[in-house]
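Enquirer: First the structure, which I've put down as structure tokens, then a few questions once you've had a look.
We did not get these values from a lab; they are worked out from the coordinates using the rules stated. The shown structure was predicted, so the numbers you read here are calculated from the model rather than taken from an experiment. Virtual Cβ from ideal backbone geometry, glycine too; neighbours counted across all protein chains shown.
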Amino acid sequence: MIEWSNKYSVGVSVIDEEHKGFIDIINKVITARQRNYSQGEVEEVLSELVKFAREHFKTEEDYMSKFQYPDYLLHYNEHLNFSLHMIIYNNQVINGEYKIMDELYSYLQEWLIHHIQKTDKKYTKCFNKNGLR
Ligand SMILES: [Fe+2]
């Protein structure tokens, strides 16, 4: 299980709160892959991830655009890539190939390390400078 710690913080509390929700979803994946999960469980977790992406990416993108963050486009592309991955996983599951929890786990883990801990942290200075903490 993944526990929230300061190393995941992007220095903006409203975004940290949303990232905590993301870690909760990863933990569901971790628990599920340890047992014989059903197709319904995979569908549920995927729909949570799609909802998370829709709401959370909007939070970040709205601030980036409001504060005229220079790397907006690069960041937006990574978000788009995440959403595309969720569509691909969804299609697999709909076609009955639902044993994807291991693959999904690797992808989310990678997202936590390479997006949240790297790409997201790059906007901290800009957001803080604009009064968001
Ligand atoms: Fe992001």
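Enquirer: Compute, for segment 3-49, the length of the dipole vector about the Cα centre, with Cβ point charges of +1 (Lys, Arg) and -1 (Asp, Glu) only. Units Debye, rounded to 20.
Expert: 260 debye
Enquirer: In addition: State which stretch of the chain is the longest one without any exposed GluC sites (Glu not before Pro), exposure meaning a DSSP loop state and at most 15 other Cβ atoms within 10 Å.
Expert: Segment 4-96 is the longest.
Enquirer: Counting Lys +1, Arg +1, Asp -1, Glu -1, what net charge surrounds GLN109 among other residues with beta carbon under 13 Å of its beta carbon?
Expert: Result for the neighbourhood of GLN109: -2.
Enquirer: Let me know the charge dipole size of the chain about its Cα centre in debye, to the nearest 20, where only the beta-carbon of Lys, Arg (+1) and Asp, Glu (-1) is charged.
Expert: The dipole magnitude comes to about 480 debye.
Enquirer: Follow-up. Tell me, Kirkwood radius of the chain from alpha-carbon pair distances, in Å?
Expert: It works out to 15.5 Å.
Enquirer: In the chain, if the dipole is taken from +1 on Lys/Arg beta carbons and -1 on Asp/Glu beta carbons about the Cα centre, which of ILE116, ASN81, PHE67 is farthest to the positive end?
Expert: Comparing the listed Cα positions along the dipole, PHE67 ranks first.
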